[in-house]
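Asker: This structure is in structure tokens; I'll ask about it shortly.
The values are calculated or read from the model by the stated rules, or taken from the named source; none is laboratory data. Because the structure is a prediction, the values reported are computed rather than measured. Cβ: placed from backbone, ideal geometry, glycine included. Neighbour counts: every protein chain shown. Calculation scope for accessible area: heavy atoms of the full protein, side chains included, ligands and nucleic acids excluded. Shrake-Rupley method; radii C 1.70, N 1.55, O 1.52, S 1.80 Å.
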Amino acid sequence: MPADAPEMKAIAEKVTQGKTGTLEKAKAVYDWVVENTFRDPAVKGCGLGQPLRTLNQCQGGGKCADLSTVFVTLARAAGIPARDVYGLRLATPKNGDVTSGFHCWAEFYLPGTGWVMVDPADVRKMMLVHKLELKDAGDWRKFFWGGDDLFRLLLEKNARGAELIGAPEKINYFMYPAAQVDGKMLNYFDPANFSYKVEFELDK
């Protein structure tokens, strides 16, 4: 997360100019991410989670790992403690297969309150699903600023640069199953060569 990168510092400074306190600054970063990114359905899985790549090579396009990481990086660049959150979206409270439910969101630390959830990526997802323009997405922007749909299972927080025994290199973010065969890490974005199934059962 290149929070010290000049580009990120410049964006964070511009976005938070005139804002005072953690809450105002975090909200300004959240709004900027919503307004300057978009959900790209062509991206595999949850994306790579590389903020400079998302903003530059992808012109702001990506999925949840990409957009959440942009928020976390800019928030940190603005001096706000922030972290990625990795989990599963259960969709509805029933038993079943949630293999396609991996999801990433973000949190920032608000003094006197604690860690606050934000999900600019889901704003953009709802805009795409419901074919909304920014001017019509106000309800979703309000909801995912601190809102939780309650159907999420937490797997890990801040799981960057995970080092697995025997793995040739660090994992950028640790959320998906990881496996190695003959010294080579399998690609969890390639279901034809690395398949797995995730199920859950609601407590009785």
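Asker: Looking only at the stretch 155-204, count how many residues are small (Gly, Ala, Ser) and under 22 Å from the mean Cα position of the chain (by Cα).
Answerer: Residues flagged as small (Gly, Ala, Ser) and under 22 Å from the mean Cα position of the chain (by Cα) within the stretch 155-204 amount to 4.
Asker: Sticking with this structure for a sec: Looking at the stretch 32-47, which of the residues that are modelled with pLDDT under 95 and among the aliphatic types (A, V, I, L, M) is surrounded by the most Cβ atoms within 10 Å (Cβ to Cβ)?
Answerer: VAL43
Asker: Which numbered condition in (1) surrounded by fewer than 17 Cβ atoms within 10 Å (Cβ to Cβ); (2) in a strand (DSSP E or B) is the only one that LYS14 fails?
Answerer: (2)
Asker: Ok, one more. Of all residues being in a strand (DSSP E or B), more than 18 Å from ALA65 (Cβ to Cβ) and open to solvent by 80 Å² or more (accessible area, probe 1.4 Å) in the stretch 151-204, which is modelled with the highest pLDDT? Just the residue, please.
Answerer: GLU199
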